[in-house]
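Working notes, beginning with the structure itself.
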Amino acid sequence: MKLIVDNVASEDAAISMRYNSLEAGGEILVRVGLSFIDSERACLNAADEIPTFDFNAVSKSAVSQFDDLLNRIRVDTTNVSADSLTLFYSSVPADGE
């Protein structure tokens, strides 16, 4: 099955999907690779960036990487209003959200 993407700048943009028949309640998991060069490079990027297609492992890794980066942030609250702190902390998602 090949789906053409609407409203893109390039005529070469497309999505190709192959899957077996699904049972009731089945899932389709999608690994995406992007490239501004060509579709072959997009496929290589997907394989390079997600070599083992284990959704739970990929999700856990992404959350871990995000947490590692987010935990580098330190907030100096000196002379910062309570309203600003409330806005800041309410905008930061809790673990797992």
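Restricting the search to region 13-39, which residues are loosely packed, with under 10 Cβ neighbours inside 10 Å, of a type outside the set (A, V, I, L, M, F, W, C) and either more than 19 Å from the chain's Cα centre (by Cα) or modelled with pLDDT of 85 or more (or both)?
ARG18, ASN20, SER21, GLU23, GLY25, GLY26
For region 49-83, name all the residues that are closer than 23 Å to GLU27 by Cα, outside any loop (DSSP other than H, G, I, E, B) and not hydroxyl-bearing (Ser, Thr, Tyr).
GLU49, PHE55, ASN56, ALA57, VAL58, LYS60, ALA62, VAL63, listed by residue number.
The values are calculated or read from the model by the stated rules, or taken from the named source; none is laboratory data. Predicted model, so just to flag it, every value in this text is computed and none were measured. Backbone-built Cβ (ideal geometry, glycine too); neighbour counts: all protein chains shown.
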